[in-house]
């Protein structure tokens, strides 16, 4: 389901119950299109997320952690100036549209009362957040500036007048009269989702299809069906429905959508469950785009280099041939004519004494041609050793870059600065010198609790992996890692874990690896005391012997269960 006018209506009701009369204590803009207002209300701090993300626009309370930038964006600074310490007086939806007005009051430096409205428009790629002075109707600032060249209907620029989005001439389903509803439902040629959307405001496609589905089930009792639907909607049972290929969030269970269902206590918790991972991936893509581009380019270069090195190694196989040519020329020097392009000599290296044709450079004497072949032989002989070392170094480099790429695919926004720090320390990125630098505390491995209560730790990047395996873990702890593929180090904090705990730790190792989508993943396990790190090895790289392996199937539900165990 999209965040339509119906869901907006219910979310406004939920936020009113939790936030009205609350005071704004902190304001953050952790991501380009998202604002976090920390509201002190009912004796505790609530994190109100206002998102103008083109794909995930929404308003909700959230429990998901976020990382603030080193320097606050201009819009965040403007919000702090006008809203820090302000009281949230009202939250109102414009009709049944996806537009919410947050009304605040605050006294300025002179003690005069200011009335400020923060407007959130949830319009897909046109979503925005606008700060408006209520008395003047002037825009103080907006999270996205829109000029006349981008929108001829209205501009959204500081100092300009705020103009409401265009309004459709349709009925609000929450306030429309029963007479009008009866007439519209009775005169419809066909009661479809599209028809309902054309007549009633704020119906997303999923909501409209569900309502049409229920009306078609009871064609002779349309008005009662309509009334029952909206009565059920006003007492929501937030539901996440998982179909074969798609997930849906709905305020109540929709009969028209098939799949397994999970009910949440609040609409906000439902949205955290639905958007959490999707939004995280999007944020990682935004914040880690530079890192991803750098790693992919370096991988491409190293793979090309490895291919050339293997070709060079293949060429060195001619070294022995060049030595024989040199010795044959030296032995039969008097039989080699000057200025010849080639010479045919008896090959005493061949058991049958067959003749061999040796290419010559006419400009060189027979002796010089022989010396030239000896020089080629010596050069290639030395090259064999160098090339083999370079091949090993390049393969190690590729393995490391693949591990970082895998970690970026699994990373949360909080992990990006640590991965960046690792790449900077390893020389892949230049150290940032501009701007004020904040000392970043390295993120910690994630903690999971097995079914029997055993603690399991999972490293999410190479720095964490090294710290976890080589410094944090006890020698008797059990170490697990997906076999021969990039992935996380997993530590079971026990010297004799149960088979169930080993299986659960194996599932974590498989899930946090390159093969998380595979059906069967082999996982190595061994005591930490048998793990060692070669001198000069890249972060996260270790070697071990004497391991045993188990095969598991990565399962996101089990991962979530282990994460939420207390």
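Brief remarks on what is shown
- Value of [θ]222 nm, deg cm²/dmol, for the chain, DSSP H segments ≥ 4, -39500 (n - 2.57) each, nearest 500: -12000 deg cm²/dmol
- Between helix 222-233 and the chain: long-axis angle, C-alpha atoms, 0 to 90°, nearest 10: 70
- The angle between the Cα long axis of helix 205-217 and the longest principal axis of the Cα atoms of the chain comes to about 60 degrees, rounded to the nearest 10.
- Sorted by Cβ density within 10 Å, fewest first, the residues 399, 28: 399, 28
- Rounded, prolate or oblate (a/c below 1.5 giving rounded, otherwise prolate when a/b exceeds b/c) for segment 5-142 by Cα gyration tensor: rounded
- Least to most buried among 315, 477 (fewest other Cβ within 10 Å first): 315, 477
- Ranked packing of 102-113, 232-243, most packed first, by mean Cβ within 10 Å: 232-243, 102-113
- Highest mean first, the peptides 546-555, 80-89 sorted by other C-beta atoms within 10 Å per residue fall in the order 80-89, 546-555.
- Helix 319-331 axis, angle to the chain major axis (alpha carbon atoms, nearest 10°): 20
- Inter-part distance where segment 491-511 and segment 189-220 are each reduced to a Cα centre, Å: 50
- With neighbour counts taken as other beta-carbon atoms within 10 Å, the residues 530, 293 rank, fewest first, as 293, 530.
Quick note: the coordinates plus some simple rules give every number you see, no bench work behind them. None of the values given here were measured: they were computed from a predicted structure. Methodologically, a virtual Cβ is constructed for each residue, glycine included, from the backbone with ideal geometry; neighbour enumeration extends over all protein chains shown.
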